[in-house]
Amino acid sequence: MTNTGKDQPAPDNVLVTGGTGFIGTHLIDALIDRGENVTVIDNLSTSALKYLHPDAEFINQDIRDSNVTQLVKDLNPKTVYHLAAQASVAVSAREPLTDVNINVIGTLNLLEGIRDLPHSPRFIFFSTGGAIYGDLDPSALPASETIDAQPLSPYAVSKLAIENYLRAYGHLYDLNYTIVRPANVYGPRQNPDGEAGVIAIFTQAMLEGRQVTIFGDGNDQRDYIYISDFIDGVLTLANSDLPGPYNIGTGLGVSVNEIHQILSEFIDKAKPAKYGPPRPGDIPKIWLDISSAKKDFGWQANTSFQDGISKTVEWFRQAAS
C-alpha cells in the first residue's frame, strides 16, 4: 500500500532571528535539511538575502520594534534560535546605547511574545564565549562556564544581562531555554567587510593583494571554531533540555599573528601585516573549556584549524572568481 504521507508528523515551525547572517544561513540550511519549517526575522542591517535558503520564509523586521512581540505570538514557533544582535565589541564601546537597545531590548521583545504562548518554545540564545569571561589570568584558561563572568565591554555586558533575564524568565514563566557561549566562528560566507571576523577580513584582503592591519602586537589569542562544527554543536544542544550555559569551541587558543602566518601559507604573495594600536574592549587571551559539552552530550569539534582555514580560503577564492 502506498504511503500518502498522512501519517507523517508535521514539520516543526522554527524561528531564526538574524537568520540572513553568516551563522544564521548555515544554521537554516541544516534545519531545512532536517525537514523543519523556518521563518527568519532580520532587518538586513549587516547582511543580505544572498545566502538565505530559498525554502525559508523571510520577514524584514527589526527586533527593537514593539510589534515583534505580537509577531512571535502569531508565528507560535516550537523553537527560537536567537542570533540577531549587535555583535562587535568595538561598536559597543563607541555606541553602548545602540548595543543595549538591540541586544537587551530587542531580546526582551521576543521573550515577551514567547511567555504568552500556550506552550514554552525552546529558546536557544547565542551569548558570547569570547568576551563574557573578561581578562582572565592565563592560569584560569581554558575558561570554564563555572568561572564568574567579568565582562569588560558593553557588548559582553549585554549578553550577560540576557543570560540573567533567561534565568528569571525560566523561574517566573517556565521558559525552556539553552545558553550557547560560542567561540569565534569562522568559515565560508562570513562578512569580510565588518569590524568583527578577523579570518574573513584577512582572507579577503590578502587574496586581493592588500596589506592587513593587526591591532596591538598580534599576540592576542582566541578560540576559533569552523562553522560546520559550530552548527553541529548548536543542534546538539538544541536537542537537549539543559539550560547551560555551554561553551562551544575547540579549547585551543590561536593568535592573530598565527592566523596571518597560516593564511600566508595558503595565499600566494601575501603581504606582511602592519600593526596598529590595540582596540578598546578587546581581551588579550581567551579560549574555552569545552569539557561540559563533551561530558553531557559527547560533542566536540572535529575540524583542525589548518583544515578550516584551507576550506575558508578556497571558498573566498571561488567566490571572487
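In the stretch 50-70, the residues that are within 13 Å of Leu15 (Cβ to Cβ) form Cβ pairs under 8 Å with partners that are assigned to a loop (DSSP other than H, G, I, E, B) and aliphatic (A, V, I, L, M), at six or more places apart or across chains, as follows: Phe58/Leu49; Phe58/Leu52; Ile63/Ala84.
Of all residues in the stretch 113-127, those satisfying the criterion of being in contact with a Pro (Cβ under 7 Å, 6 or more places away or on another chain) and more than 11 Å from Asp174 (Cα to Cα) are Phe126, Ser127.
Kindly evaluate Ala273 against the criterion of being in contact with a His (Cβ under 6 Å, 6 or more places away or on another chain) and surrounded by 14 or more Cβ atoms within 10 Å (Cβ to Cβ). So that I can check it myself, show each step before the final result.
On the way: in contact with a His (Cβ under 6 Å, 6 or more places away or on another chain): yes; surrounded by 14 or more Cβ atoms within 10 Å (Cβ to Cβ): yes.
Criteria met by Ala273.
Could you run through the stretch 269-311 and say how many residues are among the β-branched types (Val, Ile, Thr), closer than 21 Å to Gly218 by Cα and at pLDDT 95 or above? Qualifying residue count for the region: 1.
Give the residues of the stretch 124-159 that are in a helix (DSSP H, G or I) and surrounded by 19 or more Cβ atoms within 10 Å (Cβ to Cβ), sorted by residue number.
Looking only at the stretch 124-159, we keep the residues that are in a helix (DSSP H, G or I), and these are 138-140, 154-159.
Passing the criteria: Pro154, Tyr155, Ala156, Val157, Ser158, Lys159.
Looking across the stretch 73-109, the residues that are within 29 Å of Asn184 (Cβ to Cβ), in contact with a helix residue (DSSP H, G or I) (Cβ under 6 Å, 6 or more places away or on another chain) and assigned to a helix (DSSP H, G or I) come down to Val89, Ser92, Pro96, Asp99, Val100, Asn103, Val104, Thr107, Asn109. The set of residues in the stretch 36-66 that are closer than 26 Å to His119 by Cβ and modelled with pLDDT under 95 contains only Ser66. Of all residues in the stretch 247-280, those satisfying the criterion of being more than 22 Å from Leu141 (Cα to Cα) and in a strand (DSSP E or B) are Lys274, Tyr275, Gly276.
Annotation note: of Phe266, Phe202, the sole residue that is in contact with a helix residue (DSSP H, G or I) (Cβ under 6 Å, 6 or more places away or on another chain), within 22 Å of Ser88 (Cα to Cα) and not aliphatic (A, V, I, L, M) is Phe202. The single condition among (1) within 23 Å of the chain's Cα centre (by Cα); (2) touching a residue at least 40 places away in the same chain (Cβ under 8 Å); (3) closer than 30 Å to Ser321 by Cβ that Glu258 does not satisfy is (2).
The values are calculated or read from the model by the stated rules, or taken from the named source; none is laboratory data. This one's a predicted model, so the numbers in the text were calculated from it and none came from an experiment. With ideal geometry, Cβ positions are generated from the backbone for all residues, glycine too; neighbour counts draw on all protein chains shown.
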